[in-house]
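Chemist: This is the structure, below, for whatever I ask next.
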Amino acid sequence: MKKLLDLIFLPRCAVCGEILMMEERKGFLCRDCAGAIPYFPKKVCPHCGNETENAGFCGFCMKHFAFASACAAFPYEEVRDAIHLFKYDGDQTIGYGLGELMAEYLLNDHAELLVKTDMMVSVPLHPKKEKHRGFNQTQILCERIAEKTGLLFEKKALERKRETIAQSELNPEERKQNLKDAFSAATDFTGKRVLLVDDIFTTGTTCNECAKELYRAGAKEVMVFTLSAAGTK
Ligand SMILES: [Zn+2]
Ligand SMILES: [Zn+2]
């Protein structure tokens, strides 16, 4: 019976992936998640879990990266099911809901990024992978963030030059090698402050390689914002 129900399209909660009750369907969250959206607590570094002052990555974590700052809306475990439904089952209404929540998070907790950012770019997929999946999940998140916040989203500003192995299958050193020179800027970023968006932050190699390329293409400052962070602690 459950299998059969899964085949029928049913609106699901954008955070936990639960099927929504009839009365919850006006929004995109179930009653539990709507009552307390499980955003990252403001004083916790999304990367190491230690206390921070600035609702983003702590100074110690930032020493390892080329980008100037980073923040994430959700702990990965909180949105794992929703990400799965969105990315692999292709439920784009969940992506829309997640993008909406990312926009809310920026508006409420990171107004400084909204003021600073000249343009938002998404981490690109290789065209073959995008074709296979049918969409780039991060691009969908960015489109919704742009609609809600007014940030300028440059869709094809960053490209993936070559195919790479899924990062999740590699150790940290292999991850670096895998992505070395994998990205190329397709726009002039001279003097621009860029908000780089991705869906999941794990070791940060992907965002770091993208940031290096953005700086190489002239960016003045690269700030990272992800839907979720898995933490390394
Ligand atoms: Zn929920
Ligand atoms: Zn940290």
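Chemist: Quick one: how many residues across the stretch 172-214 are on the phi > 0 side of the Ramachandran plot and open to solvent by 30 Å² or more (accessible area, probe 1.4 Å)? Before the answer, list the steps.
Modeler: If we filter the stretch 172-214 for residues that are on the phi > 0 side of the Ramachandran plot, which is where we start, we get 181, 191, 204.
With open to solvent by 30 Å² or more (accessible area, probe 1.4 Å) added as a condition, the list becomes 181, 191.
Selection size over the stretch 172-214: 2.
Chemist: Taking H132 as the residue in question, decide whether it is out of contact with any Gly (no Cβ under 9 Å at 6 or more places or on another chain), over 23 Å from R193 (Cα atoms) and either open to solvent by less than 70 Å² (accessible area, probe 1.4 Å) or of a type in the set (S, T, N, Q) (or both). Give the steps one after another, and end with the answer.
Modeler: Numbers: out of contact with any Gly (no Cβ under 9 Å at 6 or more places or on another chain): yes; over 23 Å from R193 (Cα atoms): yes; either open to solvent by less than 70 Å² (accessible area, probe 1.4 Å) or of a type in the set (S, T, N, Q) (or both): no.
No: the conditions fail for H132.
Chemist: Look through the stretch 8-21, keep the residues that are under 21 Å from I83 (Cβ atoms) and over 19 Å from the mean Cα position of the chain (by Cα), and return whichever of them is least open to solvent (accessible area, probe 1.4 Å).
Modeler: Here is the first cut: in the stretch 8-21, the ones under 21 Å from I83 (Cβ atoms) are 9-20.
Subsequent filtering for residues that are over 19 Å from the mean Cα position of the chain (by Cα) retains 9-12, 18-20.
Working: F9: 139, L10: 41, P11: 37, R12: 55, E18: 113, I19: 58, L20: 4 Å².
Step by step, filter the stretch 8-21, then rank; the result is L20.
Chemist: Now a separate question. Taking A72 as the residue in question, decide whether it is in contact with a strand residue (DSSP E or B) (Cβ under 8 Å, 6 or more places away or on another chain), closer than 24 Å to K156 by Cα and within 16 Å of ligand 2 (Cβ to nearest atom).
Modeler: On the way: in contact with a strand residue (DSSP E or B) (Cβ under 8 Å, 6 or more places away or on another chain): yes; closer than 24 Å to K156 by Cα: yes; within 16 Å of ligand 2 (Cβ to nearest atom): yes.
Criteria met by A72.
Chemist: Then there is this: Go through the stretch 40-92 and give me each residue that's within 16 Å of ligand 1 (Cβ to nearest atom) and among the aliphatic types (A, V, I, L, M).
Modeler: A73, V79, A82, I83, L85
Chemist: Within the stretch 44-80, which residues are assigned to a loop (DSSP other than H, G, I, E, B), under 16 Å from N108 (Cα atoms) and open to solvent by less than 20 Å² (accessible area, probe 1.4 Å)?
Modeler: A55, G56
Chemist: Looking at F65, F86, F74, F60, can you tell me which residue is more than 24 Å from I145 (Cβ to Cβ) and in contact (Cβ under 8 Å) with a residue 12 or more places away in the chain? Write out each step before concluding.
Modeler: On the way: F65 fails: more than 24 Å from I145 (Cβ to Cβ); F86 fails: more than 24 Å from I145 (Cβ to Cβ); F74 fails: more than 24 Å from I145 (Cβ to Cβ).
Checking each option against the conditions leaves just F60.
Chemist: So in the stretch 22-43, with the set limited to residues that are surrounded by 13 or more Cβ atoms within 10 Å (Cβ to Cβ) and among the aliphatic types (A, V, I, L, M), which one is farthest from the chain's Cα centre (by Cα)?
Modeler: Only one residue tops the list, namely A34.
Chemist: Mind listing whichever residues of the stretch 153-170 are out of contact with any helix residue (DSSP H, G or I) (no Cβ under 7 Å at 6 or more places or on another chain) and either within 30 Å of V115 (Cα to Cα) or modelled with pLDDT of 85 or more (or both)?
Modeler: First pass over the stretch 153-170, keeping only residues out of contact with any helix residue (DSSP H, G or I) (no Cβ under 7 Å at 6 or more places or on another chain): 154, 156-157, 159-162, 166, 168-169.
Of everything in the stretch 153-170, those that are out of contact with any helix residue (DSSP H, G or I) (no Cβ under 7 Å at 6 or more places or on another chain) and either within 30 Å of V115 (Cα to Cα) or modelled with pLDDT of 85 or more (or both) turn out to be E154, K156, A157, E159, R160, K161.
Chemist: I'd like to check which strands (runs of 3 or more DSSP E) are fully inside the stretch 152-218 and have at least 3 residues that are closer than 19 Å to C71 by Cβ. I'd like the intermediate steps shown before the answer.
Modeler: Details: elements: 158-160, 183-185, 193-201.
Ranges flagged: 193-201.
Chemist: I would also like to ask the following. Here is a list of conditions, (1) of a type outside the set (D, E); (2) assigned to a helix (DSSP H, G or I); (3) open to solvent by 60 Å² or more (accessible area, probe 1.4 Å), and I145 meets all of them except one; can you say which number that is?
Modeler: Only one criterion in (1) of a type outside the set (D, E); (2) assigned to a helix (DSSP H, G or I); (3) open to solvent by 60 Å² or more (accessible area, probe 1.4 Å) is unmet by I145, namely (3).
Chemist: For N108, state whether it is among the polar types (S, T, N, Q) and open to solvent by 40 Å² or more (accessible area, probe 1.4 Å). Don't jump to the end; show me each part of the working.
Modeler: Numbers: among the polar types (S, T, N, Q): yes; open to solvent by 40 Å² or more (accessible area, probe 1.4 Å): yes.
Here the answer is yes, as N108 does meet what is asked.
The values are calculated or read from the model by the stated rules, or taken from the named source; none is laboratory data. These numbers were taken from a predicted model, which means no experiment stands behind them. Heads up, the Cβs are rebuilt from the backbone with ideal geometry, glycines too, and the neighbour counts pull from every protein chain shown. When the accessible area is computed, the model is the full protein with side chains, heavy atoms only, and any ligands, DNA or RNA have been set aside. Shrake-Rupley method; radii C 1.70, N 1.55, O 1.52, S 1.80 Å.
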